[in-house]
Amino acid sequence: MGDVIVGQGLTKVYGTTHKTHALKGVDLNVQKQEFLSIIGQSGSGKSTLLNLLGLLDRPTEGSLELVGTDVGRLSKRERAAFRNEHLGFVFQFHHLLPEFSVRENLLMPGWIGGQRASLGAARARADEMLELLDLGDVKDKRSNDLSGGQKQRVAIGRSLMNSPDIVLADEPTGNLDTKNTEQVYSLFRRVHEEWGTTFVIVTHDRSIAEQTDRIVEVRDGRIEQDVRNEHLATSGSRPRTP
Ligand SMILES: Nc1ncnc2c1ncn2[C@@H]1O[C@H](COP(=O)(O)OP(=O)(O)OP(=O)(O)O)[C@@H](O)[C@H]1O
Ligand SMILES: [Mg+2]
């Protein structure tokens, strides 16, 4: 109980003639409100796993339950709706709409997804998000005119607009310098602590992974190690790196 992700025997084979066994039967349970990282070498299967968890791709074999729903049974349309309602994504390349303002980038997914909340509520949410992300001063700028760190914060804001249960992030700071990387992770932490959002973060950077509460290591399509960082798991006042 309390598991928001229950993956069993997750297998992914790419290709037909030249087969790549990217995932070879992964069991992964994630509890509500966990803050965990997935690490592993390039090609080990991290993105493949995250894409399955995010319903961006289907497993060749295995079952997946998210927030109590057996997502393998959902139709394409139901999967899209489920993603909209429960999941948020942050990618290495932020995929913003360059010609639109920061604020519009936050509001856009809701417009497209036919959000039930009123426009007023969505705008209020966007403004709250802009404050949280320290983007209040640039909210009317074209997203193309922002710095890399600012762009990534917009992408994070966009992923949080619909109050997802789970945020899935694939190398979210892969293109950022140390200062912006720290800012992104302290933001994730804040959201995690304030709203109880579950975070699953793929990174190849062990020093980043060590700031999360649980580290799942993938190697050659299998989970090699799964360790809890107990000493860090206490929320709140962890010492900041100088
Ligand atoms: N669409 C695809 N078609 C064929 N093979 C793929 C595809 N996507 C990934 N693979 C293969 O599956 C394996 C796992 O890839 P994956 O992208 O999951 O690795 P990763 O751990 O995310 O690596 P990186 O750290 O470089 O992002 C690799 O051998 C890769 O070449
Ligand atoms: Mg990857």
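Where a number appears in this text, it was derived from the coordinates with a stated rule and is not lab data. Owing to the predicted nature of the structure, the values given are computational and were not obtained by experimental measurement. Glycine gets a Cβ as well: all are built from the backbone with ideal geometry, and neighbour counts include every protein chain shown.
Positive end of the dipole of the range 3-232 (Cβ unit charges, origin at the Cα centre): among Thr203, Gly149, Leu97, the Cα lying farthest that way belongs to Leu97. Taking the 0 to 90 degree range and rounding to the nearest ten, how far is the long axis of helix 119-132 tilted relative to the main principal axis of the chain, both from C-alpha atoms? The two axes meet at around 80 degrees.
Given 0.36 nm per residue, what is the gain on full extension from Glu78 to Glu128 after removing their alpha carbon distance, in nm? Could the numbers behind the result be given before it?
Details: separation 50, 0.36 × 50 = 18.00 nm, distance 2.91 nm.
Length difference between fully extended and current span is 15.1 nm.
One chain, two ends: Lys24 and His95. Fully extended at 0.36 nm per residue, the span grows by 22.6 nm beyond their Cα-Cα distance.
In a DSSP loop and with at most 16 other Cβ atoms within 10 Å, the chymotrypsin sites (Phe, Trp or Tyr not before Pro) in the range 62-115 are Phe93, Phe100.
For the range 123-176, rounded, prolate or oblate, judged on the Cα gyration tensor with a ≥ b ≥ c (square roots of eigenvalues), a/c < 1.5 rounded, else prolate if a/b > b/c? Since a/c reaches 1.5 but b/c is at least a/b, the shape of the range 123-176 is classed as oblate. For the chain, the number of Lys pairs separated by eight or more positions or lying on different chains, with C-alpha atoms closer than 24 Å, is 13. Specify whether the C-alpha gyration tensor of the range 3-232 places it in the rounded, prolate or oblate class, a ≥ b ≥ c being the square roots of the eigenvalues: rounded for a/c under 1.5, otherwise prolate if a/b is larger than b/c and oblate if not. Prolate shape, in that a/c is at least 1.5 and a/b is the bigger ratio. Electrostatic tally near Val6: other residues with Cβ closer than 10 Å to its Cβ, Lys and Arg +1, Asp and Glu -1, net -4.
DSSP bridge analysis restricted to the range 3-232 gives an antiparallel fraction near 60%, rounded to the nearest 5.
Which whole-number percentage describes the relative contact order of the chain, with Cα contacts under 8 Å and a sequence gap of 6 or more?
Values: 425 pairs, mean separation 68.6, N = 242.
Relative contact order, the chain: 28 percent.
Using alpha carbons only, how many degrees (0 to 90, rounded to 10) separate the axis of helix 148-160 from the longest principal axis of the chain? Taking the Cα atoms of the chain, the angle to 148-160 is about 70 degrees.
The Cβ shell under 15 Å around Ile38 holds other residues with a net charge of -4, Lys and Arg each +1, Asp and Glu each -1.
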